[in-house]
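The values are calculated or read from the model by the stated rules, or taken from the named source; none is laboratory data. No experiment lies behind these values; they were computed from the predicted model shown. Here the Cβ positions follow ideal geometry from the backbone for every residue, glycine too, while neighbour counts run over all protein chains shown. The area values use the complete protein model at the heavy-atom level, side chains included, leaving out ligands, DNA and RNA. Shrake-Rupley method; radii C 1.70, N 1.55, O 1.52, S 1.80 Å.
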Amino acid sequence: MSNTHEEIVVADSHALADCCAELAKTTHLGFDTEFVGEETYEPSLCLIQVSTPGTLYLIDPLSSGPLDEFWKLLIEPTRTVIVHAGREETRMCRRSSGQMPTNWFDLQVAAGLVGLNYPMGHASLVYQLLGIQLSKGETLTEWRHRPLSDSQITYAFDDVRYLLPLWQQLDARLTELKRRDWAQQEFTRFISQALPETTNQPAVADKWRKLRGIGALDRRRLGLLREMFLAREAIAAHMNRPPRVLVRDDLLVEIARRNPKTPDEIQTMRGMAKRFVQPLWEAVERARQLTADQLPKNIEREQDRPQVALIVNLLGAILNDFCAREKLAVSLTATMSDLRDLVRAKMQKESPSPTNLLMGGWRKETVLPILLEVLEGKRSVRITNLQAESPFALE
């Protein structure tokens, strides 16, 4: 594939205005970013890459001035923005524009809906669909340093050079398989999952449950841990620092276990910075004001009957066979947790969890009925062709 793109580096406000004026004329553009997130609460934006049918742009956010007009272009519903695994790009757009994008096409998701592996990296997708080998030499580069090297610039341009050709191929396959509506459902779902994290979101508020070593804590101590965790998140967001750099996870768990009676008991713990003692102590005191019904519950591991694992494995094999036949990535269609939840619900005559992927959209219409018919004994499974990628028949 020949490269006919003009390559433009945007490094000042005048060049940015010209760039935005040209982008405003396009109905489709490719979008990617380079950022550094190890040292801050929110990732630091270091470079923006954009592609149009004829031009590639590198926008330097460190020197080109306010990007308000650029972000407005990305949220206009009449313009399709093509990204690859665009979770962080979505979040940056939301933080910068105050709005969520509505018309983004994620190549990684689309690939899974036409039978390619999911999740597939950008370089692998370019090679599989276009036969072009990309260099990975700048994957761990320091994007904050200026000036950028020639190899950095080439790498950054290549990150968006093939987004539009990839979109053309994947969109054509989605159209052929009549799955453009499925794709839109998935894009919407992934955008909603990329909302900026706030402690008001249930999914974020429960992140503390992922800390190690909390299994032995009673409900009162879990309350201490939750309040301290949320306090640490608020401090980290204010300081724009990674939470674990301020106070380690294991320290939070140990403080909760000890159930301190004074701030000094927190201060004496090795590795505790003095300036965080008072905020954590205030969190401890807030936790002590919680009533019994306000305390977090212990999550008991469900003890499944032996046949559950056997049935889940059977459904997993049937799902793999179905996805091979229907050109779907299994890992995008449903997880083993989804299958386990479905089996448990069927055995207990309850409804599956609302977070179960199988309970909504195209999965509910296309995949769920087959799995339920197997669970209900309305379909039997037999092997028809040992050599086939999908060797089963459901009768």
The listed residue being aliphatic (A, V, I, L, M), modelled with pLDDT of 90 or more, surrounded by 14 or more Cβ atoms within 10 Å (Cβ to Cβ) and out of contact with any Phe, Trp or Tyr (no Cβ under 9 Å at 6 or more places or on another chain), out of LEU332, LEU339: LEU339
First in region 70-99 and in a loop (DSSP other than H, G, I, E, B), second anywhere and open to solvent by 10 Å² or more (accessible area, probe 1.4 Å) and hydroxyl-bearing (Ser, Thr, Tyr), Cβ under 9 Å, 6 or more apart: GLU76/THR102; PRO77/THR102; THR78/THR27; ARG79/THR26; ARG79/THR27
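State yes or no: is ARG146 loosely packed, with under 14 Cβ neighbours inside 10 Å and either within 20 Å of THR33 (Cα to Cα) or touching a Pro at 6+ places or on another chain (Cβ under 8 Å) (or both)?
yes
Suppose the filter is part of a loop (DSSP other than H, G, I, E, B) and more than 28 Å from ASP171 (Cβ to Cβ); does THR26 pass it? Give the derivation first.
Values: part of a loop (DSSP other than H, G, I, E, B): yes; more than 28 Å from ASP171 (Cβ to Cβ): no.
So THR26 fails the test.
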Residue match in region 240-259 (condition: more than 22 Å from ARG209 (Cα to Cα), out of contact with any Pro (no Cβ under 8 Å at 6 or more places or on another chain), in contact (Cβ under 8 Å) with a residue 60 or more places away in the chain and polar (S, T, N, Q)): yes
Hits in region 284-320 (condition: in contact (Cβ under 8 Å) with a residue 24 or more places away in the chain, part of a loop (DSSP other than H, G, I, E, B) and not aliphatic (A, V, I, L, M)): PRO296, LYS297, ASN298, GLU302, ASP304, ARG305
Test: residue in region 140-153 that is at pLDDT 90 or above, more than 21 Å from PRO43 (Cα to Cα) and not in a loop (DSSP other than H, G, I, E, B): yes
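Would it be correct to say that LYS349 is at pLDDT 95 or above and surrounded by fewer than 16 Cβ atoms within 10 Å (Cβ to Cβ)? Outline the logic, then answer.
Details: at pLDDT 95 or above: no; surrounded by fewer than 16 Cβ atoms within 10 Å (Cβ to Cβ): yes.
No.
Look at VAL160 and say whether it is without any contact (Cβ under 8 Å) to a residue 60 or more places away in the chain, buried (at least 16 other Cβ atoms within 10 Å of the Cβ) and part of a helix (DSSP H, G or I).
Working: without any contact (Cβ under 8 Å) to a residue 60 or more places away in the chain: no; buried (at least 16 other Cβ atoms within 10 Å of the Cβ): yes; part of a helix (DSSP H, G or I): yes.
The answer is no for VAL160.
Residues checked against (1) within 26 Å of the chain's Cα centre (by Cα); (2) open to solvent by less than 60 Å² (accessible area, probe 1.4 Å):
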{"site": "LYS297", "(1), (2)": "no, no"}
{"site": "PRO306", "(1), (2)": "no, no"}
{"site": "ILE311", "(1), (2)": "no, yes"}
{"site": "ALA324", "(1), (2)": "yes, yes"}
{"site": "LEU328", "(1), (2)": "yes, yes"}
Members of region 26-69 found to be among the polar types (S, T, N, Q), touching a Phe, Trp or Tyr at 6+ places or on another chain (Cβ under 9 Å) and under 16 Å from VAL81 (Cβ atoms), listed by number: GLN49, SER51
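Scan region 336-354 and give yes if some residue there is touching a residue at least 60 places away in the same chain (Cβ under 8 Å), outside any loop (DSSP other than H, G, I, E, B), farther than 30 Å from GLU227 by Cβ and not aliphatic (A, V, I, L, M), otherwise no.
No, region 336-354 contains no residue that is touching a residue at least 60 places away in the same chain (Cβ under 8 Å), outside any loop (DSSP other than H, G, I, E, B), farther than 30 Å from GLU227 by Cβ and not aliphatic (A, V, I, L, M).
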Pick from region 26-49, criterion open to solvent by less than 20 Å² (accessible area, probe 1.4 Å) and among the β-branched types (Val, Ile, Thr), ranking: farthest from ILE235 (Cα to Cα): ILE48
Within region 97-138, considering residues that are of a type outside the set (A, V, I, L, M, F, W, C) and closer than 19 Å to LEU177 by Cβ, the one farthest from the chain's Cα centre (by Cα): GLN128
Selection within region 163-182 - under 19 Å from SER124 (Cβ atoms) and without any contact (Cβ under 8 Å) to a residue 40 or more places away in the chain: GLN168
Count - residues of region 163-177 that are out of contact with any strand residue (DSSP E or B) (no Cβ under 9 Å at 6 or more places or on another chain) and either of a type outside the set (S, T, N, Q) or part of a loop (DSSP other than H, G, I, E, B) (or both): 6
Test for GLU6: is it acidic (Asp, Glu), open to solvent by 60 Å² or more (accessible area, probe 1.4 Å) and on the phi < 0 side of the Ramachandran plot: yes
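Could you count how many residues in region 66-108 are among the β-branched types (Val, Ile, Thr) and open to solvent by 40 Å² or more (accessible area, probe 1.4 Å)? Steps first, answer last, please.
In the first step, residues of region 66-108 are kept if they are among the β-branched types (Val, Ile, Thr); the result is 75, 78, 80-83, 90, 102.
Now drop any that are not open to solvent by 40 Å² or more (accessible area, probe 1.4 Å), which leaves 78, 102.
Number of matching residues: 2.
Taking the residues in region 365-395 that are in a loop (DSSP other than H, G, I, E, B) and among the polar types (S, T, N, Q) as candidates, determine which candidate is surrounded by the fewest Cβ atoms within 10 Å (Cβ to Cβ). Spell out how you get there, then give the answer.
We begin by selecting, within region 365-395, every residue in a loop (DSSP other than H, G, I, E, B); these are 367, 376-380, 384-391, 395.
This time we only want the ones that are among the polar types (S, T, N, Q), so: 380, 384-385, 387, 390.
Details: SER380: 10, THR384: 11, ASN385: 10, GLN387: 5, SER390: 14.
Among those that are in a loop (DSSP other than H, G, I, E, B) and among the polar types (S, T, N, Q), it is GLN387.
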